[in-house]
Structure formats: structure tokens, C-alpha cells
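The values are calculated or read from the model by the stated rules, or taken from the named source; none is laboratory data. Since this is a predicted model, take the numbers as computed values, not measurements. Glycine gets a Cβ as well: all are built from the backbone with ideal geometry, and neighbour counts include every protein chain shown.
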Amino acid sequence: MNPMDRRLSRRKLAVCIGALVLALPGVSACGFNYATDKENNIVNGTNDKDGVVDVLNALIVSGEAGSGTFVASLSNNDTTKPISLESLDFGSSSTVQVAGFSPIEVPAHGLVNLADGQGIKVSGDFQAGDFINATLSFDNGDTAQLDVHVVNADDEYTGLDNGTGVPSPAATASAS
């Protein structure tokens, strides 16, 4: 091989490697403000992380129109004391009624999943696909307001429309 050709080949190789090194960051998705940099929790339910207790994946699971069970995961971010859910309210202008329930204690730095047999029975003028404004009140004075999605009690929600009690117009937690 001619020495001139060898230098030309090395020069072409160096240019190709340089171009590759310069192009690599642009195609690696490691830039700024990409969707992969954002916190993302894909769920059907609604999340509220504004208070000490995070309300995660709040839903009403409905086996039939007009009846359902409120479920959510409640995560207590206070590391020293438990906090209890005292009431679930859908507003004075709503037709949704809530069954009475005992306060639901969320341990310090713990999580309670209401879908594990602690769902709260609700009834009213709603059906799958609706969103209903709900307010959860806790014993520390915090409230969480969110639009709760009503979903059918099938597929991953099969068996979750299992709340107990009879809904009434003004139900709150009651000491048992």
C-alpha cells in the first residue's frame, strides 16, 4: 500500500470517529428537559401529593351504575406519628353518598392500600367513565381535593367493589 493512501485512510478514519463522537450526545436522549427526566406514574386513578399524606391512585370501582367502592393508597410522609383519614366528602351539591367508616390510620412513614379490604362504599348518580370531585380530610387538618375516576369492576379491578356499609348523605368516620 502506498504511504500516501495509508495517511488518507487514517485521516478518513479520524474524521469518521470525530463525527461519531460529536453526533453521539444528540442521539442518546441524555439531554435536558426530556420526558424521561420527569416523575411519571401512569395510573387510571388520581394522585394528590400536596399534604403530609399522599393520596395515590384514587378511584371509585363500580360493579353497577350508581354504586361503587372508593379505593386509594394513602402514604404517610410524617416519620414520627400516624395520621388518620377521618372523612370522605363529595360536596353539598353532589348526589354521591358515603357509607360510615371507622377512622383509617396510616402509620408513621407507612402506607395503607384501601383496595386491600378497606374500601369505602359510595352510591349516587355516577357510572364508569365519570369523574367526581372528592375531598379527603385527615386528623392533622390536611385535606386532599381531587377528581376521582369511576372505573368498571373488571379486569384488574375485579373484586374491588367490596366496600361495606350503607351510604348516607353525611357520613364521616365514627369511633367504633
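What are the residues in the stretch 63-89 that are buried (at least 20 other Cβ atoms within 10 Å of the Cβ) and either outside any strand (DSSP E or B) or free of Cβ contacts under 8 Å to residues at least 40 places away in the same chain (or both), if any?
Across the stretch 63-89, the qualifying residue is only Asn76.
Test Asp154 against the stated conditions and say whether it is free of Cβ contacts under 8 Å to residues at least 12 places away in the same chain, in the same structural domain as Asp78 (by TED's automatic domain parsing) and touching a strand residue (DSSP E or B) at 6+ places or on another chain (Cβ under 9 Å).
Considered against the rule, which asks whether it is free of Cβ contacts under 8 Å to residues at least 12 places away in the same chain, in the same structural domain as Asp78 (by TED's automatic domain parsing) and touching a strand residue (DSSP E or B) at 6+ places or on another chain (Cβ under 9 Å), Asp154 comes out as yes.
Based on this model, can you work out whether Ile42 counts as part of a strand (DSSP E or B) and aliphatic (A, V, I, L, M)? Can you show your working first?
Details: part of a strand (DSSP E or B): no; aliphatic (A, V, I, L, M): yes.
Taking the combined requirement at face value, the residue does not satisfy it.
Just to be sure I understand, how many residues within the stretch 133-159 are within 10 Å of Val61 (Cβ to Cβ) and among the aromatic types (Phe, Trp, Tyr)?
Within the stretch 133-159, residues that are within 10 Å of Val61 (Cβ to Cβ) and among the aromatic types (Phe, Trp, Tyr) number 1.
Determine whether the stretch 19-35 contains at least one residue that is closer than 30 Å to Asn133 by Cα, exposed (fewer than 11 other Cβ atoms within 10 Å of the Cβ) and at pLDDT below 90. Reasoning before the result, please.
Taking the stretch 19-35 first, the residues closer than 30 Å to Asn133 by Cα are 35.
Checking which are exposed (fewer than 11 other Cβ atoms within 10 Å of the Cβ) leaves us with 35.
Those still in the list that are at pLDDT below 90 too: 35.
Within the stretch 19-35, one or more residues are closer than 30 Å to Asn133 by Cα, exposed (fewer than 11 other Cβ atoms within 10 Å of the Cβ) and at pLDDT below 90.
Determine, yes or no, whether Gly119 is surrounded by fewer than 19 Cβ atoms within 10 Å (Cβ to Cβ) and free of Cβ contacts under 8 Å to residues at least 60 places away in the same chain. Reasoning before the result, please.
Working: surrounded by fewer than 19 Cβ atoms within 10 Å (Cβ to Cβ): no; free of Cβ contacts under 8 Å to residues at least 60 places away in the same chain: yes.
Judged against the criteria, Gly119 is not a match.
Suppose we keep only residues that are outside any loop (DSSP other than H, G, I, E, B), of a type in the set (Gly, Ala, Ser) and under 16 Å from the mean Cα position of the chain (by Cα) within the stretch 104-159. Which one would you say is farthest from Thr79 (Cα to Cα)? Lay out the reasoning, then the answer.
Just the residues of the stretch 104-159 that are outside any loop (DSSP other than H, G, I, E, B), to begin with: 104-106, 111-113, 120-123, 131-138, 143-152, 155-157.
Going one step further and asking which of them are of a type in the set (Gly, Ala, Ser), we end up with 123, 134, 137, 144.
Next, only the ones that are under 16 Å from the mean Cα position of the chain (by Cα) stay: 134, 144.
Working: Ala134: 26, Ala144: 19 Å.
Looking at the filtered set, the residue picked out is Ala134.
Quick one: is Val112 more than 15 Å from Pro82 (Cα to Cα), surrounded by 18 or more Cβ atoms within 10 Å (Cβ to Cβ) and in the same structural domain as Val71 (by TED's automatic domain parsing)?
Values: more than 15 Å from Pro82 (Cα to Cα): no; surrounded by 18 or more Cβ atoms within 10 Å (Cβ to Cβ): yes; in the same structural domain as Val71 (by TED's automatic domain parsing): yes.
Spelling it out, it is not the case that Val112 is more than 15 Å from Pro82 (Cα to Cα), surrounded by 18 or more Cβ atoms within 10 Å (Cβ to Cβ) and in the same structural domain as Val71 (by TED's automatic domain parsing).
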